[in-house]
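Q: Dropping the structure in here first, questions after.
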């Protein structure tokens, strides 16, 4: 809003400058005393800008309910873990509760929980650690009423990082479990 | 599966001590004292200067000398000299070298040889190892092989020289299985590779469509076990390198990983994950029966047999974080052997039985280390952002492992058990998870 106002003022000033240059180039005509023109004032818009009222859109903007996109965007398909840990963190619980709710609504959906580890461990150990993380998520979902038969697990160990970085920021992203929909989504 | 090896596809036809035909050197002084030798346990503070001129003979003479030179140089114990200017051309192995010429180069040892081509195209390679200062012959051997197998002759000669001068078995006539890596870190392609120990003759066995890792040789060198990972699950394969046939260790409800052969090649130990818990199983390859040998709710993985097959070292986080444990091969008698700070993983029992190598994490760094089999005398040999997965050379004195910098390109490296001789292995590409074969035969 304020940016737009300033922009308008700047344009107005430029317009005036052009006008006065034009005035200089033309020959002065002998006339009577002229009233000095008052210095140009930036013109403030008369009314604050009001955006147009939203027009109802016949097709909704977000992903269709029940689709993989709906799950990823509106629920969240990944939760994160602490270093060398596999217990579900407090900040992961609402995400997983949302996943369970969603899965309970779309009963034909089947998922695979993919456990991942950061690169600060050896391959074999991280495969085991990732399996534990995947299983912790599975147990949580089962606890929220999702049928065990709908959930498989796998560990990618440290083989499928999300972030190629080599600092704690990157490692924190790479310690996760992803709930991947394998079947039954719209 | 349990069948004993064939020869390699290109067998060495004969290897014999070439004592016959050696009359020309009989006049050498027979004094055995004060011979040159290398104390390998001291880690060669200064490598021994050696002269390895091109072998005489039209075919492969220079190539063979070059391969020997490369092997000895990479061991860190020898320093091959540039001897192009020496006028003694050593045209006949049965003629004694002009020792003053070789002494002048500074070489303590001289390796010379000649290549003769048989009527059927086969190669006969005679070589001699000399102590240039005592003017003694230390070795004289003859090898016969097919023409295309000349590199293996060079490796055999390297092994003979290494053993004669260090008192330890060589490890040059060996192969290395590994994971060849390509592509960016977020979409890394991993293929199973196998090559000669010096990086020659690399072959790629899998196409990269699944993530492969942790190849390991059987005692016969003719079989590999490795793990393949796909979104749908993991498999442990047993691959016969001669027939190219492979089979899996069978189906399990969860993940299978971390396979390793028993020293007699009759069993495979590996981890099976069920409901998030990883335990160690042993599969008898003859009966196809697998037995679960750990039952702890902690992570139990990376099993490795002792060379006599009676014990298994593995890592477990049952004590809170990953440490090393030794148990009897049936799972009884578990005891912890690592007590230092940090996390210990990937234990590997030395083929000599005296040490266990491992990966250790402390203070944000990774190390390759060794300890005695009771956990004593721990020694960290390397330090970097990521060092992982040691594998023993068959002589139990050198380890290969992989090192990955922050840029992400893993490379193969070697280090000796003193930690003094640390160097890149001869494979030029990105690679991880090396597995050293036993000596070929």
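Q: For the range B:1-107, give me every one of the strands (runs of 3 or more DSSP E) that falls completely inside it and has 1 or more residues that are at pLDDT below 85.
A: B:12-17
Q: Additional query: Only residues that are closer than 21 Å to residue B:214 by Cα and away from chain A (no Cβ under 12 Å): list them for the range B:330-360, please. Give the steps one after another, and end with the answer.
A: Filtering the range B:330-360 down to residues closer than 21 Å to residue B:214 by Cα leaves B:343-351, B:355-360.
Scanning the range B:330-360 gives B:349, B:350, B:351, B:355, B:356, B:357.
Q: Next up: Limited to the range B:216-250, what total is found for residues that are under 30 Å from residue A:111 (Cα atoms) and away from chain A (no Cβ under 14 Å)? Outline the logic, then answer.
A: From the range B:216-250, those under 30 Å from residue A:111 (Cα atoms) are B:226-237, B:247-250; that's our starting set.
Now narrow it down to the ones that are away from chain A (no Cβ under 14 Å): B:237, B:247-250.
Here the count works out to 5.
Q: Tell me which of these residue B:77 doesn't satisfy, since it passes every other one: (1) within 23 Å of residue B:125 (Cα to Cα); (2) touching a helix residue (DSSP H, G or I) at 6+ places or on another chain (Cβ under 7 Å).
A: Single failed check for residue B:77: (1).
Q: Considering only the range B:281-311, state which residues are within 14 Å of another protein chain (Cβ to nearest Cβ) and farther than 17 Å from residue A:155 by Cα. It would help to see each step written out before you state the result.
A: Step one: filter the range B:281-311 for residues within 14 Å of another protein chain (Cβ to nearest Cβ), giving B:281, B:294, B:296-304.
Answer for the range B:281-311, where residues must be within 14 Å of another protein chain (Cβ to nearest Cβ) and farther than 17 Å from residue A:155 by Cα: B:281, B:294, B:296, B:297, B:303, B:304.
Q: Something else now. Do we have any residue at all in the range B:327-341 that's in a loop (DSSP other than H, G, I, E, B), under 23 Å from the mean Cα position of the chain (by Cα) and surrounded by fewer than 22 Cβ atoms within 10 Å (Cβ to Cβ)? Lay out the reasoning, then the answer.
A: Initial filter on the range B:327-341 (in a loop (DSSP other than H, G, I, E, B)): B:329-334, B:337-341.
From what's left, under 23 Å from the mean Cα position of the chain (by Cα): none.
Taking every residue of the range B:327-341 in turn, none turns out to be in a loop (DSSP other than H, G, I, E, B), under 23 Å from the mean Cα position of the chain (by Cα) and surrounded by fewer than 22 Cβ atoms within 10 Å (Cβ to Cβ).
Here's the yes/no breakdown for (1) surrounded by fewer than 21 Cβ atoms within 10 Å (Cβ to Cβ); (2) modelled with pLDDT under 95; (3) within 8 Å of chain B (Cβ to nearest Cβ); (4) assigned to a helix (DSSP H, G or I):
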position	(1), (2), (3), (4)
A:85	yes, no, no, no
A:107	yes, no, no, no
A:119	no, no, yes, no
A:132	no, no, yes, yes
A:135	no, no, yes, yes
A:170	yes, no, no, yes
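Q: Please specify each residue of the range B:103-119 satisfying the condition of being over 32 Å from the mean Cα position of the chain (by Cα) and closer than 9 Å to residue B:132 by Cα.
A: If the condition is that a residue be over 32 Å from the mean Cα position of the chain (by Cα) and closer than 9 Å to residue B:132 by Cα, then B:103 is the only one that fits.
Q: Quick check on my filter: what residues within the range A:87-102 are in contact with a strand residue (DSSP E or B) (Cβ under 7 Å, 6 or more places away or on another chain) and closer than 24 Å to residue A:184 by Cα?
A: Passing the criteria: A:95, A:96, A:99.
Q: Here is a follow-up. Would you confirm whether or not the range B:217-227 contains a residue that is outside any strand (DSSP E or B), in contact with a helix residue (DSSP H, G or I) (Cβ under 9 Å, 6 or more places away or on another chain) and over 23 Å from residue B:298 (Cα atoms)? Write out each step before concluding.
A: Of all residues in the range B:217-227, those outside any strand (DSSP E or B) come to B:218-222.
Now restrict to residues that are in contact with a helix residue (DSSP H, G or I) (Cβ under 9 Å, 6 or more places away or on another chain): none.
No, every residue in the range B:217-227 fails to be outside any strand (DSSP E or B), in contact with a helix residue (DSSP H, G or I) (Cβ under 9 Å, 6 or more places away or on another chain) and over 23 Å from residue B:298 (Cα atoms).
Q: Let me ask something else about it. So residue B:363 clears everything in (1) over 19 Å from the mean Cα position of the chain (by Cα); (2) within 14 Å of another protein chain (Cβ to nearest Cβ); (3) at pLDDT 95 or above except one condition, right? Which one?
A: Evaluating residue B:363 over (1) over 19 Å from the mean Cα position of the chain (by Cα); (2) within 14 Å of another protein chain (Cβ to nearest Cβ); (3) at pLDDT 95 or above leaves (3) as the failure.
Q: Continuing with this model, one more query. Tell me, please, whether a residue that is in contact with a strand residue (DSSP E or B) (Cβ under 7 Å, 6 or more places away or on another chain) and surrounded by fewer than 17 Cβ atoms within 10 Å (Cβ to Cβ) can be found in the range B:118-125. First the steps, then the outcome.
A: Our first condition is that a residue be in contact with a strand residue (DSSP E or B) (Cβ under 7 Å, 6 or more places away or on another chain); within the range B:118-125, this holds for B:118, B:122-125.
Checking which are surrounded by fewer than 17 Cβ atoms within 10 Å (Cβ to Cβ) leaves us with B:118, B:122.
Within the range B:118-125, one or more residues are in contact with a strand residue (DSSP E or B) (Cβ under 7 Å, 6 or more places away or on another chain) and surrounded by fewer than 17 Cβ atoms within 10 Å (Cβ to Cβ).
Q: So is residue B:263 surrounded by fewer than 22 Cβ atoms within 10 Å (Cβ to Cβ), within 12 Å of another protein chain (Cβ to nearest Cβ) and in a loop (DSSP other than H, G, I, E, B) or not? Steps first, please.
A: Values: surrounded by fewer than 22 Cβ atoms within 10 Å (Cβ to Cβ): yes; within 12 Å of another protein chain (Cβ to nearest Cβ): no; in a loop (DSSP other than H, G, I, E, B): yes.
Here the answer is no, as residue B:263 does not meet what is asked.
Q: Only strands (runs of 3 or more DSSP E) wholly contained in the range B:369-436 count here; list those with 2 or more residues that are more than 14 Å from residue B:358 (Cα to Cα) and within 17 Å of the chain's Cα centre (by Cα). Talk me through it step by step, then tell me what you get.
A: Numbers: elements: B:387-392, B:398-404, B:410-416, B:422-424, B:431-436.
In the range B:369-436, B:410-416, B:422-424, B:431-436 are the strands (runs of 3 or more DSSP E) which contain 2 or more residues that are more than 14 Å from residue B:358 (Cα to Cα) and within 17 Å of the chain's Cα centre (by Cα).
Q: While we're on this one: Any residue at all in the range B:268-276 that is within 12 Å of chain A (Cβ to nearest Cβ), out of contact with any strand residue (DSSP E or B) (no Cβ under 6 Å at 6 or more places or on another chain) and crowded, with 21+ Cβ neighbours inside 10 Å?
A: yes
Q: Sticking with this structure for a sec: Just checking, which of B:299, B:356, B:280, B:293 is in contact with a strand residue (DSSP E or B) (Cβ under 6 Å, 6 or more places away or on another chain), farther than 30 Å from residue A:137 by Cβ and at pLDDT 95 or above? Please lay out each step first, then the result.
A: On the way: B:299 fails: farther than 30 Å from residue A:137 by Cβ; B:280 fails: farther than 30 Å from residue A:137 by Cβ; B:293 fails: farther than 30 Å from residue A:137 by Cβ.
Sole residue among the options that is in contact with a strand residue (DSSP E or B) (Cβ under 6 Å, 6 or more places away or on another chain), farther than 30 Å from residue A:137 by Cβ and at pLDDT 95 or above: B:356.
Q: Still on this structure, I have one more. Go through the range B:280-316 residue by residue and tally those that are crowded, with 22+ Cβ neighbours inside 10 Å and over 28 Å from the mean Cα position of the chain (by Cα).
A: The total comes to 2.
Q: Among the residues of the range A:148-168, count how many are more than 11 Å from every other protein chain (Cβ to nearest Cβ) and either buried (at least 16 other Cβ atoms within 10 Å of the Cβ) or in contact with a helix residue (DSSP H, G or I) (Cβ under 9 Å, 6 or more places away or on another chain) (or both). First the steps, then the outcome.
A: In the first step, residues of the range A:148-168 are kept if they are more than 11 Å from every other protein chain (Cβ to nearest Cβ); the result is A:149-151.
With either buried (at least 16 other Cβ atoms within 10 Å of the Cβ) or in contact with a helix residue (DSSP H, G or I) (Cβ under 9 Å, 6 or more places away or on another chain) (or both) added as a condition, the list becomes A:150-151.
Number of matching residues: 2.
Q: Here's a check for you: in the range B:180-199, which residue that is surrounded by 14 or more Cβ atoms within 10 Å (Cβ to Cβ) and part of a loop (DSSP other than H, G, I, E, B) is farthest from the other protein chains (Cβ to nearest Cβ)?
A: Once the filter is applied, the top-ranked residue is B:198.
Q: Before we move on, is residue A:184 touching a strand residue (DSSP E or B) at 6+ places or on another chain (Cβ under 8 Å), crowded, with 20+ Cβ neighbours inside 10 Å, on the phi > 0 side of the Ramachandran plot and in contact (Cβ under 8 Å) with a residue 12 or more places away in the chain? If you could, list the steps in order and put the result at the bottom.
A: Numbers: touching a strand residue (DSSP E or B) at 6+ places or on another chain (Cβ under 8 Å): yes; crowded, with 20+ Cβ neighbours inside 10 Å: no; on the phi > 0 side of the Ramachandran plot: yes; in contact (Cβ under 8 Å) with a residue 12 or more places away in the chain: yes.
Answer is no for this residue.
Q: Of the residues B:222, B:242, only one is under 25 Å from the mean Cα position of the chain (by Cα), surrounded by fewer than 19 Cβ atoms within 10 Å (Cβ to Cβ) and farther than 21 Å from residue B:431 by Cβ; which? Write out each step before concluding.
A: On the way: B:222 fails: surrounded by fewer than 19 Cβ atoms within 10 Å (Cβ to Cβ).
The conditions single out B:242.
Conditions tested, residue by residue: (1) more than 10 Å from chain B (Cβ to nearest Cβ); (2) touching a helix residue (DSSP H, G or I) at 6+ places or on another chain (Cβ under 7 Å); (3) surrounded by fewer than 16 Cβ atoms within 10 Å (Cβ to Cβ); (4) at pLDDT below 95.
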| site | (1), (2), (3), (4) |
| --- | --- |
| A:97 | yes, no, yes, no |
| A:100 | yes, yes, no, no |
| A:123 | no, no, no, no |
| A:142 | yes, yes, yes, no |
| A:177 | yes, yes, no, no |
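The values are calculated or read from the model by the stated rules, or taken from the named source; none is laboratory data. Please read these numbers as outputs of a predicted model, since none were measured by experiment. All Cβ positions, glycine included, derive from the backbone under ideal geometry; neighbour counts span all protein chains shown.
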